[in-house]
1. Provide a single number: the residues in region 109-158 that are in contact with an Asp or Glu (Cβ under 7 Å, 6 or more places away or on another chain), farther than 22 Å from P258 by Cβ and surrounded by fewer than 24 Cβ atoms within 10 Å (Cβ to Cβ).
2. Counting only residues that are assigned to a loop (DSSP other than H, G, I, E, B) and at pLDDT 80 or above, which one in region 70-85 is farthest from the chain's Cα centre (by Cα)?
3. Within region 159-195, how many residues are over 19 Å from the mean Cα position of the chain (by Cα), surrounded by fewer than 16 Cβ atoms within 10 Å (Cβ to Cβ) and in a helix (DSSP H, G or I)?
4. Looking at the structure I just gave you, is N218 assigned to a helix (DSSP H, G or I), over 25 Å from K85 (Cα atoms), of a type outside the set (A, V, I, L, M) and in contact with a helix residue (DSSP H, G or I) (Cβ under 9 Å, 6 or more places away or on another chain)?
5. Just give me the residues in region 113-138 being within 16 Å of L155 (Cα to Cα) and assigned to a strand (DSSP E or B), in sequence order.
6. Sort out which residues of region 52-69 are over 25 Å from N139 (Cα atoms) and either of a type in the set (D, E) or not in a loop (DSSP other than H, G, I, E, B) (or both), and write them in order of number.
7. Hey, can you tell me all the residues within region 19-48 that are under 19 Å from S65 (Cα atoms), among the polar types (S, T, N, Q) and more than 14 Å from the chain's Cα centre (by Cα)?
8. Do the conditions hold for A86, that is, is it crowded, with 21+ Cβ neighbours inside 10 Å and either within 16 Å of L31 (Cα to Cα) or among the aliphatic types (A, V, I, L, M) (or both)?
Amino acid sequence: MTQPDYEYIEVIRDGPVTSVELNRPDSLNALNIGLMEEIEHVSRSFLDDEQTRVVVFRGRGKHFSAGADLKQRAEPGNLVMQRRKAGLGARMIRAILEINQVTIAAVHGAALGGAACIATACDFRIGREDCYCGYPEVNLGINLMWQSLPLCVRLVGPARAKRMIMLGDKEDAGTLLAWGFLDEVASSTDFDDAVKRMAGRYAARPPVAVQMIKQSVNAVSSAMDAAIMHMDTDQNILTTMTADRSEGIRAFFEKRDPAFKGN
C-alpha cells in the first residue's frame, strides 16, 4: 500500500503493528487543523490495509499531546462554515473509533483535552509512569466536545467523569489506572517494551474474530452516543461567544487563574 507524505504524523510499520506518531514535538504535538486532518486521513486508510492488525497512537518528544493548538485562530466565515469546520475534531474521533483493527494509545507525558479524547477513542490505553491526562476545556470557558464525553463516562463512570471534565484537573498515572482510564502503567524503562507486548498479544489473535468482537462491543456501548451528543459542536460555538471564554483564553496566555462571571 502506497503511503502518502504526511507533514504532521509519522507512520511506522512493523509487521502486523503500525504506529501513528504525532510529529509536532516542538509544539508539544498540539492538535492544529493539519494534524487533525492527517489523523482522520490515516485512520480511514486502515480500511484498505489487510496487513495491519494493531494500530498504536503515540507522540514524538516529551508529550503525547498538549491538546488543541490555542495559537491557531479559527478562520472567519459565516455560521454555516463555522459549524462544518468545528466538526473536524468529531470527524477525527469517529475515524479512530471506526478503525477495524485493534487500537492502542501509548501515553507518555501530557495527554490533555483533545489528546485525551484521542486516547479514549482507542480500544486500550497504556501509560508511562510519568503520564497525566485531563480535560482543561472548562478552564477556557468551553464544554468538552468532539462527541468524546461518553467515551470518558464509559471508562471511569459518571461521577469521576464529571470530576475530570468539570474541574479540568490533571490526573496522574496511578489515579488513571485505579479509575480504569488506563489499562496498564509501565515504568519509563519498560514502556516501549510494554507497548510492544500489548500490541503483540492482540496482533497474534485471529483478526476476523477480533475485529467482529470489537465492532459488536462498540455498537453495544455506544448505541445512544450520536443521539445524545450530536449538538456538542453547536454548544461549543455558543460558548466561544461568551465573555467567560475570552477571559479563559486571556488567563491561559497570561498564566493566571481566570475570573469567570457566568457571562
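The values are calculated or read from the model by the stated rules, or taken from the named source; none is laboratory data. Here the structure is a predicted model, which is why all the values come from computation and not from measurement. Here the Cβ is made from the backbone with ideal geometry for all residues, glycine too, and neighbour counts use every protein chain on show.
1. Adding up the residues that qualify gives 3.
2. Here the answer is N78.
3. Looking only at that region, the number is 5.
4. yes
5. Hits for region 113-138 are F124, R125, I126, G127, Y132, C133, G134.
6. V54, V55, V56, F57, R58, listed by residue number.
7. S19, N23, S27
8. no
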